1. Would a scan of the stretch 144-152 turn up a residue that is surrounded by 11 or more Cβ atoms within 10 Å (Cβ to Cβ) and at pLDDT 95 or above?
2. Quick check on this structure: which one of L172, L120, L184 is out of contact with any Ser or Thr (no Cβ under 8 Å at 6 or more places or on another chain) and more than 23 Å from A268 (Cβ to Cβ)?
3. Quick check on my filter: what residues within the stretch 493-506 are within 22 Å of V534 (Cβ to Cβ), surrounded by fewer than 19 Cβ atoms within 10 Å (Cβ to Cβ) and modelled with pLDDT of 50 or more?
4. Pick from the stretch 531-571 the residues that are in a helix (DSSP H, G or I), among the hydroxyl-bearing types (S, T, Y) and under 29 Å from the mean Cα position of the chain (by Cα): which of them is farthest from R485 (Cα to Cα)?
5. Does any residue of the stretch 536-549 turn out to be farther than 17 Å from L476 by Cα, surrounded by fewer than 15 Cβ atoms within 10 Å (Cβ to Cβ), in the same structural domain as N572 (by TED's automatic domain parsing) and hydroxyl-bearing (S, T, Y)?
6. Kindly evaluate F88 against the criterion of being part of a helix (DSSP H, G or I) and in contact with a Ser or Thr (Cβ under 6 Å, 6 or more places away or on another chain).
7. Given the condition within 35 Å of the chain's Cα centre (by Cα), at pLDDT 95 or above and within 19 Å of L298 (Cβ to Cβ), answer yes or no: does some residue in the stretch 229-239 qualify?
8. Suppose we keep only residues that are touching a residue at least 40 places away in the same chain (Cβ under 8 Å) and either surrounded by fewer than 17 Cβ atoms within 10 Å (Cβ to Cβ) or in contact with a Lys or Arg (Cβ under 8 Å, 6 or more places away or on another chain) (or both) within the stretch 327-350. Which one would you say is farthest from A255 (Cα to Cα)?
Amino acid sequence: MASESENGTQDDLDFPNSSPFYERLRTNYIPSQSEIPQIKTFAASAASKITVYDNQIEELEVQLMRLRTRRSGLQVSYDAHMALVSPFRHLPPEIVQVIFVWCLPTNRNAVMHASEAPILLGRVCSDWRRLVFATSAMWASLHIVPPVINFMVPGSSTARFEEKRDLIASWLGRAGTCPLDISLVWLVGGSEEEAGLCEILLRVLLPFAKRWRSLDFQVPLQMFRPFDVLGTDGAPALQSFSMIDNSSFAERDNACPWPATLDFVKGATRLRSFTLTVFTGGLRLPILPLSELTTLSLESNLLFFFDNAREMLDVLGKCRKLQRCTLRLPLRPTVIQPYEPLDKPITLPELTFLCIDCDQYLQNTFHISNTIGNLITPRLRELELLGRPIPGGITPEGRGPTVAPAIQKMLQKSACPLQRFSVESITLEGGELVDCLTLMPSLSYLSAQNWSMLRNPPVIQAAEQPGRDDTSEEKLLKALTHPPRENESILDSLVSGTPNDPAVPSICPRLEQFSVSLGNVPQELFCDFAVSRVRNVPSGGVPLKMAKCSLTTFEEKSTKAQLDELLHEGLNTSILYRISGFEEINPSPWTGLDEIVPV
């Protein structure tokens, strides 16, 4: 039987080759009238064989379904028995509790949702539920999501907020004596009715104030009326305070004093992280343990938290343990005091991260040059400078002081091991960016977006413009291009018969990631830079791993081919071509073809 089946199978495999029209298949051959019956006869024979196979397949599928059903039943029984001997069942409850705590979110507070711990773990079985309830640390963090407010029927909202209040009290009550991390985002408004609803949620937090460790609020400032009873000693364990005042009322012209409802921050002697964002006006800072702060973030769109830059530097100078600092300076011309050069150097010995966000064209006391030019940061690892595009109609005289000298001044005085440098919308003309990079020998990440003056693309390429000065982007790429290795340079000299000039070492030899807007630089120049960073790595340097750029030109075929080669050598490249006008990603028939493939 087996041999007959095998013979039949072999005959079927050879069946297509036995066709008298085998050589004509898949061609443009047109059969004659006498050949058509022969073709139909052969096709009918193939159809009968297909029917036989279809019947056999159907029988096998029925058998396969029975086998799968039996296997599924056995698998369920197997899994149930193996669960009895699972090592997890034999773990002491104390170990299981530690594992449960590690299931909590690490980058935010826990939420009241069945898809996450602790609620998720408590729904597995009754034993886990009891263990989750008995683990105080599982309930020590909470992100509060206010219920939706029904403005059509205000009374119905109160009941929902009271229900949420009871859930919050029950949640935090299970935390025992653990320090509490609490966050709340209020995205509605600041009316009296809304303030009353928010008060329901804030008031339930008061009994736990002595154990507040971290508070993160995005709430209008006027909503904190329930906290008025706390006083300066109301939250002695507070270590981190973050508040975004997302008030929607009219802008304030003068900086307001620190509200009495938040006086508990003044007495938080353990405070190490302080973040404050005010959108609609100014606010005076409270008394803070400046000498102990490790994280400070200040943002205000209108009025800053100080009268002038000197006062700001006085405060920063007292933060001797500061490790991370973010200053988002006013973005509107509401600061009264004009710009005056300030020479007041301060040292932040522990600072590793610095971000300054500003409008460098507002010539007031908080100009970025007055800030960064007076900082000495010997341990700085990451520097971010964010500015604003050049306003329309501004003259060169109206741009104010340039930023590059202040950056160089800080780097020269600090001699810091900077590893990451990001700049966006900060104009660095000529070779200013290159001059800054020469002071960053340990740099591994460079990002520069919208950093050079926008110019109209030259009509004639650089090769056709003798004597044309290099653009800022061209100077950057040439400075970052590794020179040929010494042995290759000597060989080139022997072949060409010209003397070999000593190679000038390139800057940033440890650069691994490059993301820069390059305007209309020749693509060949970018390719030379990429190739040199992969194949001409100097001693002590590292090869480039990622290169991203944006160009205001069309893609050249040679560029893609060259960069594809580098991909196999470990360099990931990405070029965004930004050209004026509109070019369809999927061209319509009206667009036509770029090229015709030859036949």
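The values are calculated or read from the model by the stated rules, or taken from the named source; none is laboratory data. Since the model is a prediction, treat every value here as computed from it, not as a measurement. When we count neighbours, we look across all protein chains shown, and the Cβ atoms used for this are built from the backbone with ideal geometry, even at glycine.
1. Yes, the stretch 144-152 contains a residue that is surrounded by 11 or more Cβ atoms within 10 Å (Cβ to Cβ) and at pLDDT 95 or above.
2. L120 is the lone residue from the list that is out of contact with any Ser or Thr (no Cβ under 8 Å at 6 or more places or on another chain) and more than 23 Å from A268 (Cβ to Cβ).
3. V504, P505
4. Among those that are in a helix (DSSP H, G or I), among the hydroxyl-bearing types (S, T, Y) and under 29 Å from the mean Cα position of the chain (by Cα), it is T559.
5. There is at least one residue in the stretch 536-549 that is farther than 17 Å from L476 by Cα, surrounded by fewer than 15 Cβ atoms within 10 Å (Cβ to Cβ), in the same structural domain as N572 (by TED's automatic domain parsing) and hydroxyl-bearing (S, T, Y).
6. The answer is no for F88.
7. yes
8. So the residue we want is E350.
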